[in-house]
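Student: Would you mind keeping the following structure in view while I ask a few things?
Read-outs: derived from the displayed coordinates by stated rules, not from any lab. On a predicted model such as this, the values are computed, not experimentally measured, just so you know. Cβ: placed from backbone, ideal geometry, glycine included. Neighbour counts: every protein chain shown.
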Amino acid sequence: MTTRAVTRVCPLCESTCGLTITIDGDRVMEVRGNENDAFSKGYLCPKGANLGALDEDPDRLTQPLVRRDGKLVRASWSEAFETIDRGLASVRERFGADSVALYSGNPTAHSFASPYLKYLIRALDSPNMYSASTADQVPTQVACAAVFGSVNSVPVPDIDRTTHLLIIGANPVESNGSLITAPDMPGRLRALRERGGTLTVVDPRRTRTAELADRHMPVRPGTDAYLLFAVVYTLFAERLVRLGEHARIVTGIQELEKLAAHFAPEVVADLCGVPAESIRLVARELAAAPAAAVYGRMGTCTADFATVTNWLIQSLNVLTGNLDRPGGVMFPRSPVRPAYVSDRPFRMGRRHSRVRGLSEILGEFPVATLADEIDTDGPGQIQALFTVAGNPVLSAPNGARLAQSLSRLEFMVSVDVYVNETTSHADVILPPPRILESGHFDWMLSGFFVQGVTRYSRPALKQSDERPNEAEILAKLTLIAQGHGADANPANLLESLLMDLLLKAVAAPGSPVEGRDPQELRDRLTGETDNERYFEVMVRLGPYGDGFGARPDGLTVSKLLANPGGVDHGAMVPRIEEVLVHPNGVIDLCPDLVRPEITRLLAGKMRERPDLVLIGRRKLRSKNSWLHNVPNLVSGPELCTLQMNEVDADRLGIGDGEMVKVISNVGELTVPVETTRVVRPGVVSLPHGWGHDLIGSRLDVAAVAPGVSANALTDESTIDPLSGNAIFNGVPVQVVAVQTADMPPSTVSVAPVT
Ligand SMILES: Nc1nc2c(c(=O)[nH]1)N[C@H]1C(S)=C(S)[C@@H](COP(=O)(O)OP(=O)(O)OC[C@H]3O[C@@H](n4cnc5c(=O)[nH]c(N)nc54)[C@H](O)[C@@H]3O)O[C@H]1N2
Ligand SMILES: Nc1nc2c(c(=O)[nH]1)N[C@H]1C(S)=C(S)[C@@H](COP(=O)(O)OP(=O)(O)OC[C@H]3O[C@@H](n4cnc5c(=O)[nH]c(N)nc54)[C@H](O)[C@@H]3O)O[C@H]1N2
Ligand code: SF4
Ligand SMILES: [Mo]
């Protein structure tokens, strides 16, 4: 068989690099960066380069598994769906619809099938919905909703045109960026420096991003809100506030000034571990830069005061006149979000969780309370769980407890490609096809692209078996949840969802197809699969689309297929009017939501700080929990180590490479220490997503160097009060040396689960 080259976008992280993949038969021979990609221009990282090995991993499931006599065994698709139909019906009959929960994980954000998840959620008709969002970015969304009105109004730094970038709690050189899609973040940051711009990084660890920066401020974890308040204070005190052209629509400015008065640089400097003069400098540089952007990510979202910190980040962008202007922070336009669709003002608190009374956010409860809802008896207790592309045993706070909770469930279904720490608890596992057998478009990321490039990839390989694709799996589960039984045909549902989209579009005032016949539009679709036709409808109705003929030059699927390196719609443009959703169209710098947190901040100034706190870290070759079964991505020195500052190591009498016990409020684990200067004193760092030694997983490579799970230490009872988000950074811990004689192999203290 001759080899062929195919072009597609990497689905592994938010960078969305264009790849050129050489394929022989159904084997991947080589993966390179696509130099003709309009966005990534040839860049790729080691994860993308190993996409073939990941896709061909022999441990990847090819057939459903069903639990029989306690063991997961291979089954046919019809048997798997029948088991789900019976299992779900039985739980609903005995315990009611509210007893069924769903958790969706990170890869759904990268999946072509992701639009279909909402239909399954609706069909389950239960309040118990969860996702990785509440272990990730919801504080940013809640903060942006408070300031701009919508959780979708999240601006991105205009990295290619800015002259000053302030990064808080993000490490894009290794993560390749998040809530910003800009392939080759290292190159873009270097380019900023080369054109004379400056980069400041606020991070307790001297990360590879901090290495690139002009200035690194090693802040004490969980104190960014104080630090940023002091920057706001300085802007007011030194009369550096410039609202620019938004002055007429900004409200709450005097109130913000009043609140900031409590946080002068001298007042917070010790607490933050940052000299007052450095804080002032940040304010002055932000104000002086011709165009500046303040950007925060995981370190701001998963530490104390997460929503407040994110509110202050956006406030700084507004106060320095950098909102919605080139080189500042801007609002990208998604190619699949029709211009005539507008958001409703954000609301949360429509429901509260049964056990802890936590507010719903985006229709979900915080994942930090999933175990409570499974463990606590009473009406509405979770008895059945669906997981879709998630591994909460390793990714949720106190995952060790969650593992125990999962083993109590009456029934569990996982849509996943591996038998891992989470899915090993399932009664049925449904594996979608290989990555290269799936089409690709970045639905969820497309609103974060710093450049308006649209790319679409058809499957690179024909499916080698008869299994349903992920869209069809979700459709089938939806039909089962709707009570249509295991034999219902997913194609019928997918077709009716498509017609619903068209019906809505022709009825929408201002739509390019307003008043047209939906069937006529249906007949014009050229997409080959249901999933592709769904995409086709959205892209044709989108802001660059052909509007089904209304704009003949606009985007269509055939135009995208003819341009595998992307169709470029150019740089971001100002569009503030379109993203402000507060009823009075304002930018609210002092939303009511944050007020209770000010009291807590003031009280926190007095609080004693623990000696040692834990933070996380991400490595370039890793992606959360699920790339550790690829030999090239785990080879070399041990990756799952506890980094500790040399000063702390000396103080505690711990040498480099020694095993230590790390003890938190909720658990303990044993791990080798790496003494270093990259973390600031008082801080230890452990990556998450490890701990692959639980009985029942089928990950042969990962099991060789399993590491330990950082989430055996994180506390599910401590959350960001405003968003319900998990707290992974700044977790108080104790570290003690372990005598080699009684040293167990490096394991998590999780009870083995069978
Ligand atoms: N301590 C600590 N914990 C953290 C974090 C941290 O920084 N520190 N980070 C948090 C963040 S940001 C996130 S996003 C979450 C992630 O939390 P999760 O999404 O729960 O965890 P992942 O490890 O990403 O698990 C992805 C799952 O999807 C499966 N999968 C892979 N590809 C596919 C596919 O194509 N289809 C399907 N159906 N399944 C697939 C994998 O086998 C795996 O089981 O973790 C959070 N947890
Ligand atoms: N290689 C790789 N890339 C990834 C992932 C991966 O696992 N591996 N995961 C993907 C996912 S799901 C996400 S959400 C993104 C995350 O993308 P990023 O947020 O860029 O990645 P993190 O490494 O989590 O960066 C968080 C930084 O915050 C710092 N930090 C911790 N606590 C604090 C604090 O209190 N204050 C401040 N200022 N900083 C603090 C940490 O030291 C760390 O450097 O990455 C994505 N890309
Ligand atoms: S940075 Fe790496 S993992 Fe992320 S999209 Fe690019 S090649 Fe894929
Ligand atoms: Mo994430």
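Student: How many percent of the alpha carbon pairs in the range 1-159 exceed a separation of 27 Å? Don't skip to the answer; put the middle values down first.
Tutor: On the way: 6143 of 12561 pairs.
For the range 1-159, the fraction of Cα-Cα distances above 27 Å is 49 percent.
Student: Ok, one more. If one computes the Cα centroid of the range 270-311 and of the range 10-29, what distance in Å separates the two points?
Tutor: Centre-to-centre (Cα) distance: 37 Å.
Student: Using a cut-off of 18 Å between alpha-carbon atoms, which lysines can reach residue 504, once sequence neighbours fewer than 8 places away in the same chain are excluded?
Tutor: 118
Student: Can you put 462, 504, 47 in order, fewest other beta carbons within 10 Å first? Write out the running numbers ahead of the final one.
Tutor: Values: 462 8, 504 15, 47 23.
Going from least to most buried by this count: 462, 504, 47.
Student: Please report how far the C-alpha centroid of the range 639-692 lies from that of the range 516-569, rounded to the nearest whole angstrom.
Tutor: A separation of 52 Å, based on Cα centres.
Student: Rounded if a/c is under 1.5, else prolate if a/b is larger than b/c, else oblate: which is the chain, with a ≥ b ≥ c the root eigenvalues of its Cα gyration tensor?
Tutor: Numbers: a/c = 1.44, a/b = 1.12, b/c = 1.29.
Rounded, since a/c falls under 1.5.
Student: Taking every DSSP beta bridge that has both residues in the range 365-507, what percent is antiparallel when rounded to the nearest 5?
Tutor: Values: 1 of 9 bridges.
Restricted to the range 365-507, the bridges split so that about 10 percent are antiparallel.
Student: Separate question: Which aspartates and glutamates, on any chain, are close to residue 41 with Cα under 15 Å apart, when same-chain ones fewer than 8 places away are left out?
Tutor: Partners found: 160, 184, 568.
Student: Another question about this same structure. Work out the length of the dipole vector of the chain about its Cα centre, built from +1 on the beta-carbon of each Lys and Arg and -1 on the beta-carbon of each Asp and Glu, and round it to the nearest 20 debye. Working shown, then result.
Tutor: Working: 74 positive and 89 negative charges, 249 e Å.
The dipole magnitude comes to about 1200 debye.
Student: Enter the Cα centre distance for the pair the range 189-246 and the range 30-46, rounded to the nearest angstrom.
Tutor: About 31 Å separates the Cα centre of the range 189-246 from the one of the range 30-46.
Student: While we're here: Determine one quarter of the surface area of the Cα convex hull of the range 257-364, which equals its mean projected area, and express it in nm² to one decimal. Write out the running numbers ahead of the final one.
Tutor: Working: hull surface 41.2 nm².
Mean orientational projected area (the range 257-364, Cα hull): 10.3 nm².
Student: Stokes-Einstein diffusion coefficient for the range 469-565 at 4 °C in a medium of 1.567 mPa s, Rh from the Kirkwood formula over Cα pairs: what value in µm²/s? Don't skip to the answer; put the middle values down first.
Tutor: Details: Rh = 14.3 Å.
Value of D from the Cα-based Kirkwood radius: 90 µm²/s.
Student: Which of 61, 166 comes first, and how do the rest follow, when ranked by fewest Cβ neighbours within 10 Å? Working shown, then result.
Tutor: On the way: 61 20, 166 29.
Listed from fewest to most nearby Cβ atoms, that is 61, 166.
Student: Among the listed pairs 462/619; 258/605; 476/559, which are separated by more than 28 Å between their Cα atoms? Could you put the intermediate results ahead of the total?
Tutor: Details: 462/619 33 Å; 258/605 17 Å; 476/559 31 Å.
Those over the limit are 462/619; 476/559.
Student: In addition: Mind checking Rg over Rh on the range 671-715, alpha carbons, Kirkwood formula for Rh? Intermediate results must be reported in sequence, preceding the final value.
Tutor: Values: Rg = 13.0 Å, Rh = 12.2 Å.
Taking Rh as the inverse mean 1/r over Cα pairs, Rg/Rh reads 1.06.
Student: Turning to a different aspect of this structure: Mean residue ellipticity at 222 nm from the helices of the chain, using -39,500 (n - 2.57) per DSSP H segment of n ≥ 4 over the full residue count, to the nearest 500 deg cm²/dmol?
Tutor: Computed ellipticity for the chain at 222 nm equals -8500 deg cm²/dmol.
Student: Okay, moving on. Say each of residue 507 and residue 351 gets a label point 7 Å from the Cα, pointing the same way as Cα to Cβ; how far apart are those two points in nm?
Tutor: With each label placed 7 Å out from Cα toward Cβ, I get 2.4 nm.
Student: Ok, one more. For the range 385-518, take the alpha-carbon Rg, divide it by the Kirkwood Rh, and send me Rg/Rh. Spell out each step's value before the answer.
Tutor: Details: Rg = 18.8 Å, Rh = 18.0 Å.
Ratio of gyration radius to Kirkwood radius for the range 385-518: 1.05.
Student: Over the range 3-46, what number does the Rg to Rh ratio reach, with both radii from the alpha-carbon atoms and Rh per Kirkwood? Each step should come with its number before you reach the end.
Tutor: On the way: Rg = 10.2 Å, Rh = 10.5 Å.
Checking Rg against Rh, the ratio lands at 0.97.
Student: Could you give the nm distance between label points at residue 122 and residue 288, where each point is 7 Å from its Cα heading toward the beta carbon?
Tutor: Result for the modelled spin labels: 5.5 nm.
Student: Right, something else. If you plug each phi of the range 36-41 into the Karplus form 6.51 cos²θ - 1.76 cosθ + 1.60 with θ = phi - 60°, what whole-Hz ³J(HN,Hα) values come out, in order, with x for Gly and Pro?
Tutor: Here the 3J(HN,Hα) series is 8, 6, 5, 10, 9, 6 Hz.
Student: Sort 10, 301 so the one with the fewest other Cβ atoms within 10 Å of its own Cβ comes first.
Tutor: Values: 10 27, 301 32.
Exposure proxy ranking, most exposed first: 10, 301.
Student: For all pairs of alpha-carbon atoms in the range 95-218, what percent lies in each bin of width 10 Å, listed from the first bin to the last filled one?
Tutor: Taking every Cα pair in the range 95-218, the percentages come to 11, 31, 30, 17, 9, 2, 0.
Student: Based on DSSP, what percent of beta bridges with both residues in the chain are antiparallel, to the nearest 5? The partial results should precede the final answer.
Tutor: Values: 43 of 84 bridges.
So the antiparallel bridges in the chain amount to around 50 percent.
Student: Give me the net charge of residue 78's neighbourhood, meaning all other residues with Cβ under 12 Å from the Cβ of residue 78; Lys, Arg count +1, Asp, Glu -1. Display every interim value, and only then the final one.
Tutor: Working: positive: 467, 476; negative: 79, 82, 85, 466, 487.
Within the 12 Å Cβ shell, the charges total -3.
Student: Expressed as a rounded percentage, what relative contact order does the range 355-513 have, with Cα pairs under 8 Å and six or more residues apart?
Tutor: On the way: 169 pairs, mean separation 20.2, N = 159.
Taking the mean separation of contacting Cα pairs over the length of the range 355-513, I get 13 percent.
Student: Let me ask you something else. Normalised by the number of residues in the chain, what is the relative contact order in percent for Cα pairs under 8 Å and 6+ residues apart?
Tutor: On the way: 1727 pairs, mean separation 143.6, N = 754.
Relative contact order for the chain comes out at 19 percent.
Student: Report, ordered by chain and residue number, the lysines lying within cross-link reach of residue 623, taken as a straight Cα distance under 22 Å and ignoring same-chain residues fewer than 8 apart.
Tutor: In chain and number order, the partners are 47.
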